[in-house]
Amino acid sequence: VARGVLQRQLDLGGGITLPVCFLAEGTKLICWSEDGNRFSEWDLKANREIQVWPAPENYYYAFGPTPDERQVVSAGLEGDFAMRNLLEHSTTSLPLHALECWSIDFSPDGRHLVVSSAMGFARVWENGTWREEATLRGFLKSVNSAVFSPNCQRLATGGSIPADAVKLWAVDSWQELITLKAKGSQFGSTIFSPDGSFVGTLSTDGFLHVWHAPTWEEINAAEAKDKA
(Lines give C-alpha, C1' and ligand atoms only; values in the text may rest on other atoms or scores of the structure.)
Protein backbone atom coordinates (compact mmCIF):
# COMPACT_ATOMS: atom_id res chain seq x y z
CA VAL A 1 0.00 0.00 0.00
CA ALA A 2 2.80 2.46 0.87
CA ARG A 3 4.43 2.09 -2.54
CA GLY A 4 1.18 1.74 -4.50
CA VAL A 5 2.40 -1.22 -6.53
CA LEU A 6 0.92 -4.63 -7.32
CA GLN A 7 2.34 -7.23 -4.95
CA ARG A 8 0.34 -10.40 -5.74
CA GLN A 9 -2.22 -11.51 -8.27
CA LEU A 10 -3.90 -14.81 -7.41
CA ASP A 11 -5.35 -17.15 -10.02
CA LEU A 12 -8.62 -18.34 -8.52
CA GLY A 13 -10.32 -19.69 -11.64
CA GLY A 14 -13.37 -18.41 -13.50
CA GLY A 15 -16.51 -16.70 -12.26
CA ILE A 16 -16.86 -14.33 -9.33
CA THR A 17 -13.99 -14.37 -6.82
CA LEU A 18 -13.98 -12.58 -3.46
CA PRO A 19 -11.34 -11.99 -0.77
CA VAL A 20 -12.85 -13.14 2.52
CA CYS A 21 -10.32 -12.33 5.25
CA PHE A 22 -6.64 -11.86 6.02
CA LEU A 23 -4.94 -14.08 8.61
CA ALA A 24 -1.51 -14.23 10.27
CA GLU A 25 -1.09 -10.43 10.31
CA GLY A 26 -1.77 -10.14 6.60
CA THR A 27 0.55 -12.87 5.40
CA LYS A 28 -2.30 -15.25 4.56
CA LEU A 29 -5.55 -14.67 2.69
CA ILE A 30 -8.74 -16.72 2.38
CA CYS A 31 -10.75 -16.29 -0.81
CA TRP A 32 -14.02 -17.62 -2.15
CA SER A 33 -14.52 -18.68 -5.78
CA GLU A 34 -17.84 -19.05 -7.54
CA ASP A 35 -16.18 -21.66 -9.75
CA GLY A 36 -16.81 -24.81 -7.74
CA ASN A 37 -18.20 -22.84 -4.77
CA ARG A 38 -14.97 -23.24 -2.82
CA PHE A 39 -12.68 -21.51 -0.35
CA SER A 40 -8.92 -21.38 -0.72
CA GLU A 41 -6.20 -20.32 1.71
CA TRP A 42 -3.13 -18.61 0.29
CA ASP A 43 0.35 -17.98 1.64
CA LEU A 44 1.05 -14.47 0.36
CA LYS A 45 4.75 -14.59 1.18
CA ALA A 46 5.37 -17.77 -0.80
CA ASN A 47 2.64 -16.94 -3.35
CA ARG A 48 1.17 -20.43 -3.14
CA GLU A 49 -2.19 -22.03 -2.41
CA ILE A 50 -2.19 -23.87 0.93
CA GLN A 51 -5.54 -25.66 0.86
CA VAL A 52 -8.97 -25.73 -0.80
CA TRP A 53 -12.31 -26.82 0.66
CA PRO A 54 -16.02 -26.67 -0.34
CA ALA A 55 -18.15 -23.75 0.80
CA PRO A 56 -21.66 -24.33 2.18
CA GLU A 57 -24.39 -24.49 -0.43
CA ASN A 58 -25.59 -21.01 -1.42
CA TYR A 59 -22.72 -19.36 0.47
CA TYR A 60 -22.95 -15.56 0.62
CA TYR A 61 -20.60 -13.45 2.75
CA ALA A 62 -21.20 -15.11 6.17
CA PHE A 63 -17.68 -16.04 7.28
CA GLY A 64 -15.62 -15.58 10.43
CA PRO A 65 -12.36 -16.82 11.98
CA THR A 66 -11.93 -17.83 15.62
CA PRO A 67 -9.76 -15.40 17.63
CA ASP A 68 -6.78 -17.76 17.48
CA GLU A 69 -7.28 -18.12 13.69
CA ARG A 70 -7.05 -21.90 13.93
CA GLN A 71 -10.60 -22.38 12.62
CA VAL A 72 -13.08 -20.53 10.43
CA VAL A 73 -16.87 -20.79 10.25
CA SER A 74 -18.99 -20.20 7.16
CA ALA A 75 -22.73 -20.39 6.51
CA GLY A 76 -25.02 -20.88 3.53
CA LEU A 77 -28.25 -18.97 3.00
CA GLU A 78 -30.28 -22.10 3.75
CA GLY A 79 -28.78 -22.48 7.22
CA ASP A 80 -25.97 -25.01 6.82
CA PHE A 81 -22.91 -24.10 8.94
CA ALA A 82 -19.42 -25.53 8.52
CA MET A 83 -16.24 -25.17 10.59
CA ARG A 84 -12.88 -25.60 8.89
CA ASN A 85 -9.84 -26.54 10.97
CA LEU A 86 -7.06 -24.78 9.10
CA LEU A 87 -4.30 -26.72 10.85
CA GLU A 88 -5.78 -30.19 10.37
CA HIS A 89 -7.33 -29.44 6.95
CA SER A 90 -10.66 -30.89 8.05
CA THR A 91 -14.27 -29.66 7.90
CA THR A 92 -17.17 -30.44 10.25
CA SER A 93 -20.83 -29.41 10.21
CA LEU A 94 -22.14 -27.34 13.13
CA PRO A 95 -25.55 -27.89 14.80
CA LEU A 96 -26.64 -24.26 14.35
CA HIS A 97 -29.85 -22.92 12.88
CA ALA A 98 -30.23 -19.52 11.22
CA LEU A 99 -31.41 -18.79 7.69
CA GLU A 100 -30.03 -16.16 5.31
CA CYS A 101 -27.01 -15.14 7.39
CA TRP A 102 -25.12 -12.01 6.37
CA SER A 103 -22.28 -12.04 8.90
CA ILE A 104 -20.44 -14.18 11.46
CA ASP A 105 -18.32 -12.90 14.35
CA PHE A 106 -16.60 -14.51 17.33
CA SER A 107 -16.18 -12.59 20.55
CA PRO A 108 -12.50 -11.71 21.18
CA ASP A 109 -12.40 -14.06 24.20
CA GLY A 110 -13.68 -16.90 22.00
CA ARG A 111 -16.73 -17.60 24.17
CA HIS A 112 -19.49 -16.62 21.75
CA LEU A 113 -20.41 -16.70 18.09
CA VAL A 114 -23.01 -14.33 16.63
CA VAL A 115 -24.68 -14.24 13.22
CA SER A 116 -26.87 -11.60 11.62
CA SER A 117 -29.81 -12.68 9.50
CA ALA A 118 -31.90 -11.20 6.71
CA MET A 119 -34.86 -12.70 8.56
CA GLY A 120 -34.68 -9.82 11.07
CA PHE A 121 -32.66 -11.15 14.01
CA ALA A 122 -29.18 -11.75 15.38
CA ARG A 123 -28.47 -15.06 17.13
CA VAL A 124 -25.77 -15.89 19.66
CA TRP A 125 -24.35 -19.30 20.60
CA GLU A 126 -21.80 -20.47 23.14
CA ASN A 127 -18.69 -21.52 21.26
CA GLY A 128 -17.92 -25.23 21.50
CA THR A 129 -21.13 -26.43 23.16
CA TRP A 130 -23.20 -24.52 20.55
CA ARG A 131 -25.89 -23.82 23.11
CA GLU A 132 -28.08 -20.95 21.95
CA GLU A 133 -27.73 -18.03 24.36
CA ALA A 134 -29.91 -15.37 22.76
CA THR A 135 -31.93 -14.36 19.73
CA LEU A 136 -31.97 -10.58 19.43
CA ARG A 137 -35.04 -9.07 17.79
CA GLY A 138 -36.79 -5.73 17.50
CA PHE A 139 -35.44 -4.84 14.06
CA LEU A 140 -37.70 -3.32 11.42
CA LYS A 141 -36.08 -5.29 8.58
CA SER A 142 -33.00 -7.44 8.08
CA VAL A 143 -29.94 -7.46 10.33
CA ASN A 144 -26.93 -6.99 8.08
CA SER A 145 -24.03 -7.15 10.53
CA ALA A 146 -23.21 -8.06 14.12
CA VAL A 147 -19.88 -7.57 15.91
CA PHE A 148 -18.52 -7.80 19.47
CA SER A 149 -16.62 -4.99 21.17
CA PRO A 150 -12.93 -5.59 22.02
CA ASN A 151 -13.73 -5.97 25.75
CA CYS A 152 -16.58 -8.43 24.98
CA GLN A 153 -19.07 -6.34 26.97
CA ARG A 154 -21.05 -4.99 24.03
CA LEU A 155 -22.51 -6.24 20.78
CA ALA A 156 -23.30 -3.90 17.88
CA THR A 157 -25.77 -4.80 15.14
CA GLY A 158 -26.32 -3.05 11.82
CA GLY A 159 -29.88 -2.78 10.51
CA SER A 160 -31.44 -1.86 7.17
CA ILE A 161 -33.05 1.57 7.47
CA PRO A 162 -32.00 4.97 8.94
CA ALA A 163 -34.10 4.55 12.09
CA ASP A 164 -32.54 1.15 12.76
CA ALA A 165 -28.94 1.76 11.72
CA VAL A 166 -27.05 0.48 14.79
CA LYS A 167 -28.21 -1.12 18.02
CA LEU A 168 -25.91 -1.67 21.00
CA TRP A 169 -26.55 -4.64 23.30
CA ALA A 170 -25.22 -5.61 26.73
CA VAL A 171 -23.55 -9.02 26.49
CA ASP A 172 -24.15 -9.95 30.14
CA SER A 173 -27.94 -9.62 29.77
CA TRP A 174 -28.47 -9.41 25.98
CA GLN A 175 -30.61 -6.34 26.60
CA GLU A 176 -30.77 -3.52 24.04
CA LEU A 177 -29.01 -0.39 25.32
CA ILE A 178 -29.50 2.17 22.55
CA THR A 179 -30.53 2.55 18.90
CA LEU A 180 -28.47 4.92 16.75
CA LYS A 181 -30.00 6.53 13.68
CA ALA A 182 -27.99 7.18 10.51
CA LYS A 183 -28.30 8.18 6.88
CA GLY A 184 -28.46 5.42 4.27
CA SER A 185 -29.63 1.81 4.23
CA GLN A 186 -28.32 -1.76 4.54
CA PHE A 187 -25.66 -1.26 7.21
CA GLY A 188 -23.61 -4.32 6.37
CA SER A 189 -20.23 -3.29 7.79
CA THR A 190 -20.28 -2.45 11.49
CA ILE A 191 -17.13 -2.41 13.63
CA PHE A 192 -15.62 -1.14 16.88
CA SER A 193 -12.30 0.69 17.03
CA PRO A 194 -9.49 -1.39 18.60
CA ASP A 195 -9.85 0.47 21.92
CA GLY A 196 -13.65 0.14 21.85
CA SER A 197 -14.23 3.89 22.17
CA PHE A 198 -15.77 4.29 18.71
CA VAL A 199 -18.31 2.30 16.72
CA GLY A 200 -18.85 2.78 13.01
CA THR A 201 -21.08 1.45 10.27
CA LEU A 202 -21.02 1.66 6.48
CA SER A 203 -24.18 1.65 4.35
CA THR A 204 -24.50 0.38 0.80
CA ASP A 205 -25.29 3.99 -0.19
CA GLY A 206 -21.70 4.93 0.64
CA PHE A 207 -22.27 6.68 3.98
CA LEU A 208 -19.82 5.96 6.79
CA HIS A 209 -21.06 6.89 10.27
CA VAL A 210 -18.87 6.90 13.38
CA TRP A 211 -19.98 7.44 16.98
CA HIS A 212 -17.88 8.04 20.07
CA ALA A 213 -18.71 5.84 23.04
CA PRO A 214 -17.47 7.70 26.14
CA THR A 215 -15.90 5.81 29.04
CA TRP A 216 -17.39 5.97 32.55
CA GLU A 217 -14.53 8.29 33.49
CA GLU A 218 -15.45 10.67 30.66
CA ILE A 219 -19.12 10.53 31.60
CA ASN A 220 -18.38 11.25 35.27
CA ALA A 221 -16.06 14.11 34.32
CA ALA A 222 -18.72 15.64 32.04
CA GLU A 223 -21.40 15.34 34.75
CA ALA A 224 -19.11 16.89 37.34
CA LYS A 225 -18.39 19.78 34.98
CA ASP A 226 -22.11 20.34 34.38
CA LYS A 227 -22.79 20.38 38.13
CA ALA A 228 -19.98 22.86 38.67
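The values are calculated or read from the model by the stated rules, or taken from the named source; none is laboratory data. Keep in mind it's a predicted model, so treat the numbers as computed, not measured. FYI the Cβ positions are ideal-geometry reconstructions off the backbone, even for glycines, and counts take in every protein chain you see. All accessible areas refer to the heavy atoms of the entire protein, side chains included, with ligands and DNA or RNA removed. Shrake-Rupley method; radii C 1.70, N 1.55, O 1.52, S 1.80 Å.
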Sorted peptide list for 18-24, 50-56, 6-12, criterion being average Cβ within 10 angstrom, highest first: 50-56, 18-24, 6-12
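Carbon and sulfur atoms: what percent of the 1.4 Å accessible area of the chain do they account for? Please report the intermediate quantities before stating the final value.
Values: 6380 of 12390 Å².
Carbon with sulfur: 51 percent of the solvent-accessible area.
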Within 13 Å, Cβ to Cβ, of L96, how many net charges do the neighbouring residues add up to if Lys/Arg are +1 and Asp/Glu are -1? -3
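Using 0.36 nm times the number of residues separating T17 and E132, minus their current alpha carbon distance, what extension gain do you get?
Details: separation 115, 0.36 × 115 = 41.40 nm, distance 3.27 nm.
Residue separation times 0.36 nm, minus the Cα-Cα distance, leaves 38.1 nm.
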Using only the Cα atoms of the chain, what semi-axes does the equivalent ellipsoid have when each is the square root of 5 times a gyration tensor eigenvalue? Give whole Å, largest first. 32, 21, 18
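With every protein chain kept in place and ligands, DNA and RNA left out, what is the accessible area per residue of the stretch 1-121? Probe 1.4 Å, answer in Å². Please list the in-between numbers first.
Details: 6480 Å² over 121 residues.
I get 54 Å² per residue for the stretch 1-121.
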Name the longest site-free stretch of the chain, where the excluded sites are GluC sites (Glu not before Pro) in a DSSP loop with no more than 14 other beta-carbon atoms within 10 Å. 89-228
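Only sites in a loop by DSSP and with at most 15 other Cβ atoms within 10 Å count here; which chymotrypsin sites (Phe, Trp or Tyr not before Pro) in the stretch 121-228 make the cut? Please list the in-between numbers first.
Details: sites: F121, W125, W130, F139, F148, W169, W174, F187, F192, F198, F207, W211, W216; in loops: W130, F139, W174, F207.
Qualifying residues, ordered by number: W130, W174, F207.
Need the full-extension length gain, F198 to L6, defined as separation in residues times 0.36 nm minus the C-alpha distance. One decimal, nm.
Details: separation 192, 0.36 × 192 = 69.12 nm, distance 3.22 nm.
Using 0.36 nm per residue and subtracting the Cα-Cα distance, I get 65.9 nm.
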Sequence of H112, H212, H97 when ordered by accessible area, the most exposed leading, probe 1.4 angstrom: H97, H212, H112
Could you report the accessible area of K183 in Å², rounded to 10, computed with a 1.4 Å probe on the protein chains as they sit in the structure? 120 Å²
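Stretch N47-D226 to full length: gain in nm at 0.36 nm per residue minus the Cα-Cα span? Please list the in-between numbers first.
Numbers: separation 179, 0.36 × 179 = 64.44 nm, distance 5.85 nm.
Net length gain for the segment: 58.6 nm.
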